[in-house]
Amino acid sequence: NAGVTQTPKFRVLKTGQSMTLLCAQDMNHEYMYWYRQDPGMGLRLIHYSVGEGTTAKGEVPDGYNVSRLKKQNFLLGLESAAPSQTSVYFCASSSSLNTEAFFGQGTRLTVV
Amino acid sequence: GENVEQHPSTLSVQEGDSAVIKCTYSDSASNYFPWYKQELGKRPQLIIDIRSNVGEKKDQRIAVTLNKTAKHFSLHITETQPEDSAVYFCAASKWTGGFKTIFGAGTRLFVKA
């Protein structure tokens with residue numbers, strides 16, 4: 001039982017490049033989330049999904065897109081990376097809203 | 001905009017002492033308040049949570065109190081141990097026509113042996 005798994009763990013991008021972060025969960029959770037974590041700022045919600053085929057904007061959605069084609073996967077895309085998107089990205093899932101969120105191990109992204 | 005203020009940003013205690021971390025939220029519609037522990041380089045993990053219809057919750061050495069009127073909630077750790085050293089985050093969440101969760105900036109706890 002792996003829980004929540006993110007790939008890749010580390011990535012360096014050049015400004016303007018694109019990439020996709022993959023999140024996979026094996027707990028049959030309906031709800032999935034993408035957060036970014038910056039020094040001194042805690043976690044900020046980028047996008048979330050309440051079920052397969054649905055997505056919604058969080059607190060800081062600009063510059064990111066997401067897709068939830070399968071219940072177990074939640075993809076985060078950066079179409080044109082900017083240095084301001086340098087951060088640690090965490091995916092999480094939960095069985096319902098307002099319950100414990102299980103986090104992935106994080107992806108450290110640097111945009112140069 | 002809505003925010004969660006967390007204090008202190010750094011806390012250093014002697015092993016065996018108690019530690020208290022406080023959070024204040026601005027959105028009165030918030031109804032779920034989790035606390036996460038994050039060790040260096042690791043993922044956040046839930047240690048305790050409380051809902052708006054409860055004033056206090058305890059789990060062994062950890063307790064959380066909620067004052068809805070003051071929009072204030074606190075984490076209490078008793079008999080601290082070196083392995084309690086980590087960053088602790090509070091959060092305030094709600095689901096009213098959309099999900100919103102705001103995290104505090106975190107408290108770095110050092111427990112000295």
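On the basis of being farther than 25 Å from residue B:106 by Cβ and open to solvent by 50 Å² or more (accessible area, probe 1.4 Å), does residue A:27 make the cut? Yes; evaluated as a whole, the condition is true for this residue. Among the numbered conditions (1) farther than 25 Å from residue A:3 by Cβ; (2) in contact (Cβ under 8 Å) with a residue 12 or more places away in the chain; (3) within 14 Å of chain A (Cβ to nearest Cβ), the only one that residue B:111 does not meet is (3). For segment A:36-82, filtering for residues that are over 15 Å from residue A:109 (Cα atoms), part of a loop (DSSP other than H, G, I, E, B) and touching a residue at least 24 places away in the same chain (Cβ under 8 Å) leaves 6. Within the option set A:36, A:44, A:108, A:11, being open to solvent by less than 40 Å² (accessible area, probe 1.4 Å) and charged (D, E, K, R) holds for one residue only, A:36. State which residue is nearest to residue B:6 (Cα to Cα) when the search covers only segment A:47-59 and only residues that are more than 10 Å from chain B (Cβ to nearest Cβ) and open to solvent by 30 Å² or more (accessible area, probe 1.4 Å). Only one residue fits best here, namely A:55. All but one of (1) under 16 Å from residue A:39 (Cα atoms); (2) open to solvent by 10 Å² or more (accessible area, probe 1.4 Å) hold for residue B:44, so report the exception by its number. With respect to (1) under 16 Å from residue A:39 (Cα atoms); (2) open to solvent by 10 Å² or more (accessible area, probe 1.4 Å), residue B:44 is out only on (2).
For residue B:96, the conditions (1) away from chain A (no Cβ under 14 Å); (2) of a type in the set (Ser, Thr, Tyr); (3) over 17 Å from the mean Cα position of the chain (by Cα) all hold with the exception of (1). Checked against the criteria, residue A:77 does not count as at positive phi, at pLDDT 95 or above and loosely packed, with under 15 Cβ neighbours inside 10 Å. Residues in segment A:89-101 that are under 17 Å from the mean Cα position of the chain (by Cα) and crowded, with 19+ Cβ neighbours inside 10 Å: A:89, A:90, A:91, A:92, A:93, A:94, A:101. Scanning segment B:25-54 for residues that are within 8 Å of chain A (Cβ to nearest Cβ) and acidic (Asp, Glu) gives a single hit, B:49. Of all residues being in a strand (DSSP E or B) and among the charged types (D, E, K, R) in segment B:67-106, which is surrounded by the most Cβ atoms within 10 Å (Cβ to Cβ)? Just the residue, please. Per the criteria, the residue is B:94. When you scan segment A:9-31, do you find a residue that is modelled with pLDDT under 95 and part of a loop (DSSP other than H, G, I, E, B), even just one? No: zero hits.
The values are calculated or read from the model by the stated rules, or taken from the named source; none is laboratory data. On a predicted model such as this, the values are computed, not experimentally measured, just so you know. In this analysis, Cβ positions are derived from the backbone assuming ideal geometry, glycine residues included, and neighbour counts consider all displayed protein chains. Just the protein is used for accessible areas: all its heavy atoms, side chains included, with ligands, DNA and RNA removed. Shrake-Rupley method; radii C 1.70, N 1.55, O 1.52, S 1.80 Å.
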